[in-house]
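Trainee: This is the structure I want to talk about, given as structure tokens.
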Amino acid sequence: MDLHESSRSQTSLAAVTVVAILLQAALAPQISLFGGTINFMLILAAVYAFSGNASRAVIAGFLCGLFYDLTASVPVGLMTLLLTIGSFVLANSSAAAIGASSQNTYRLVAVFCFAVCMVYGVALVIMGIQSDLVNSLLGHGLSTAILSALVSVPFFLASGASDSSRRGFSAKSKGSRFKGIR
């Protein structure tokens, strides 16, 4: 990877970060569909997890969770913990480490959103903040996971994190990674 491509991806990642922070602070609390809202910090943590640097992804997950906790009326530290652990697991998965196709990236992000939102819903019931488990899981958790997974697609396209041609074992993405048997 040459220096120009690296600076271009850093610039697009910084732009996606600024947009996600602004949308989380200004737009996310205003839009609610079926009891769920779009969690832009969850999306941003997933983008950093696929950026190729696992330690940066964990730090970004922590900061995204902390920003979410401080801008929403939720217990401080819960989303921070979930996004830190989730970013660590997602960044160290084999698909994020060596690159995956766009479809596999979006599937992993959907599973990531679903897992974080479901654990978040269960934790809110255990902590006594939500009283109904079904409403917490289906009303808030599932709808937030679906909305966040759908909105993550433009973020991944803008950041270039789902571009598997820049990662992998070979320098060129053309052809196969394996030598032919003669």
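The values are calculated or read from the model by the stated rules, or taken from the named source; none is laboratory data. All values derive from a computational prediction rather than experimental measurement. We place every Cβ from the backbone using ideal geometry, glycine too, and count neighbours over all the protein chains shown. Calculation scope for accessible area: heavy atoms of the full protein, side chains included, ligands and nucleic acids excluded. Shrake-Rupley method; radii C 1.70, N 1.55, O 1.52, S 1.80 Å.
Trainee: Round to the nearest 10 and report in Å² the accessible area of residue 127, as given by a 1.4 Å probe over the protein chains' heavy atoms.
Mentor: Residue 127 has an accessible surface of roughly 100 Å² with all protein chains in place.
Trainee: Order these peptides, 49-62, 130-143, by their mean beta-carbon neighbour count within 10 angstrom, highest first. Each step should come with its number before you reach the end.
Mentor: Details: 49-62: 20.4, 130-143: 16.6.
The densest-packed peptide leads the list: 49-62, 130-143.
Trainee: Working with all protein chains in place, sort 82, 27 by solvent-accessible area computed with a 1.4 Å probe, largest first. Please list the in-between numbers first.
Mentor: Working: 82 25, 27 70 Å².
Output order, biggest surface exposure first: 27, 82.
Trainee: Let me ask something additional. Tell me the Rg and the Dmax, in Å, that the Cα atoms of the range 26-120 produce.
Mentor: Computed over the Cα atoms of the range 26-120, radius of gyration and Dmax are 13.0, 38 Å.
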